[in-house]
Every structure is written in structure tokens, then in C-alpha cells.
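Working notes for the structure below.
The values are calculated or read from the model by the stated rules, or taken from the named source; none is laboratory data. Everything numeric here is computed off the predicted structure, so don't read it as measured data. Neighbour counts run over all protein chains shown; Cβ positions are idealised from the backbone, glycine included. These accessible areas exclude ligands, DNA and RNA; they are computed on the full protein's heavy atoms, side chains included. Shrake-Rupley method; radii C 1.70, N 1.55, O 1.52, S 1.80 Å.
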Number of protein chains: 2
Amino acid sequence: MSFYDKLKFTDDGLIPAIIQEASTGRVLMMAWMNRASLESTIKTGKTHFWSRSRQKFWMKGEESGHTQTVRDIAFDCDGDVLLIQVDQIGAACHEGFKSCFFRSVEAAGASFRTTESQLQKPEDIYGKKK
Amino acid sequence: MSFYDKLKFTDDGLIPAIIQEASTGRVLMMAWMNRASLESTIKTGKTHFWSRSRQKFWMKGEESGHTQTVRDIAFDCDGDVLLIQVDQIGAACHEGFKSCFFRSVEAAGASFRTTESQLQKPEDIYGKKK
């Protein structure tokens, strides 16, 4: 049985993909894939996604150079979530942080703190292209 | 600013929560929360979710005893995904595996392999209650 047969995509044809840094276990981001982006991810060994806001197929790092090389693709018991181990170049987050999860809750939800330092300013990552 | 103000729930009032084991970095599962289950998670220090299939509020481990004690709650740059660090008792997966991500893709998607051993049979976890 192909692993595609085990997967359940949403009515919009999407499945969430959790991206984890293979070397550190750090969860870097979550983004959505459709079948085409998943097939491209497997074929090329670089993560590809589907942008719901831009309604666009994209390769992670296509603008920033911050690509992700795939080390492993796992899927969960229900077949409706992917967990992908990668080697990350640069910052995974478009805001210039290594991980998109750079803020944590404090004081029972009343506030939050930034938990990591910014590697780059977004304008230094994307600004050149404008 | 409250961290709730930074969050974006779906039209159904839900937000996905990635659950990671604090001590090992292992990603255990992903499940959905609504605001009430997130508030209960923060208030009690045990993870609570919203089941889309059962349309039901639930505490992880309420039947199995496999509860999750919260160590940290982070949220991503877009405010539409949570990453929660926990101490996991027993198996996170209802199929008796430590992690729900117990299978990985092989051979360019043509097949998959089981990557971890089952800790318990599901009937030994849930069967007693029937």
C-alpha cells in the first residue's frame, strides 16, 4: 500500500505538515501541503507547500534561500498530519527567527515573552527582491 | 496585550496544537483546541482539546490515564498554531504508541515502515472501560 492511500486531506485537498529540525528536535513551523506539493517534496527532497493566503504553490526558501532538505517524512495515526524532519538553512520563520514559535505564554495567558533572538531582519531577507 | 489577542482561530473557532515531549523533543501528536479548551489547559496545567469528529471537549488521558502536564505554551508568528511542551504519561497515541507519528515514508512514497514499538494494545488502554 502506498502511503498516499493512508493520508486524509481536508475538503480543500490540504494536510498540515509540522517541520522539525532533524539535528536539534526544534519545531520550526507548520504549513499546509496539497498532494502536488507533497509529491514535489518527496521528489526533490526540498519542502514545498500550498499557501492558503496566497493560493499558491511554493518551495520553502525560493525567495529567502532558507531551504529545507528533507530527512524523514512521518504521518500520524489518523493520516491527517505530517511530521517532516529537515536540515534548515538560515531562519525558518519569515520574521527572521530560527523557529516560528519564538514566543511563549506567561502569567496564565495574560502576557507572553519572546524566547529566542532574531537571526535576521525580515527586510534583510526579503527586501533585496523588491 | 494578552496572548489570546495574538491568536487566530479558524472560522470554526479552532486552532491546531502541536504537542511535544519536553524531555526528549519528540513530537507526540497534533490536535485541535478551541478557546475553552485552551483556557482549561492553561488553568489546570493539563492539555484539553476539542474533538472535531466527536464534537466534544475532552481532557487528554481522561479515559486512558495518559495525561499531559504542560511545561510551556508557544505560538507561531501568524498566531494560528500552538506548540505545547508536555510531560507525557504513557502512550500519547490512542493506538498505544508513544507518538502518533510512528510510521515513516519509504521508497519515494511507494511504501512506509513502522518506526517505533507499540507500548500497549489499544484494547488494554480503553477496553477496561467498556
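Numerical summary
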read-out: Enumeration of residues in segment B:1-28 that are outside any loop (DSSP other than H, G, I, E, B) and free of Cβ contacts under 8 Å to residues at least 40 places away in the same chain; value: B:Tyr4, B:Asp5, B:Leu14
read-out: Of residues in segment B:96-111 being in a loop (DSSP other than H, G, I, E, B) and within 9 Å of another protein chain (Cβ to nearest Cβ), the one farthest from B:Ala22 (Cα to Cα); value: B:Ala110
read-out: Search result, residues across segment A:60-72 that are touching a Phe, Trp or Tyr at 6+ places or on another chain (Cβ under 8 Å) and either at the interface with chain B (Cβ under 9 Å from one of its Cβ atoms) or at pLDDT 95 or above (or both); value: A:Lys60
read-out: All positions within segment B:29-51 that are at the interface with chain A (Cβ under 10 Å from one of its Cβ atoms), open to solvent by 30 Å² or more (accessible area, probe 1.4 Å) and in contact (Cβ under 8 Å) with a residue 24 or more places away in the chain; value: B:Ile42
read-out: Residue within segment B:54-71 that is of a type in the set (D, E, K, R) and in contact with an Asp or Glu (Cβ under 9 Å, 6 or more places away or on another chain) present; value: yes
read-out: Residues being in contact with a Leu (Cβ under 7 Å, 6 or more places away or on another chain) and at negative phi - total across segment B:77-117; value: 8
read-out: Selection from segment B:1-28 of residues that are surrounded by 15 or more Cβ atoms within 10 Å (Cβ to Cβ) and among the polar types (S, T, N, Q); value: B:Gln20
read-out: Looking only at segment A:32-64, and only at residues there that are in a strand (DSSP E or B) and more than 12 Å from the chain's Cα centre (by Cα), the one that is farthest from A:Gln20 (Cα to Cα); value: A:Lys56
read-out: Positions within segment A:108-130 being small (Gly, Ala, Ser), open to solvent by less than 70 Å² (accessible area, probe 1.4 Å) and farther than 15 Å from A:Gly65 by Cβ, in sequence order; value: A:Gly109, A:Ala110, A:Ser111
read-out: Complete set of residues in segment B:77-95 that are at the interface with another protein chain (Cβ under 8 Å from one of its Cβ atoms) and open to solvent by less than 40 Å² (accessible area, probe 1.4 Å); value: B:Cys77, B:Val81, B:Leu83, B:Cys93
read-out: Residue count for segment A:52-76, restricted to those that are open to solvent by less than 70 Å² (accessible area, probe 1.4 Å) and closer than 19 Å to A:Gly13 by Cα; value: 6
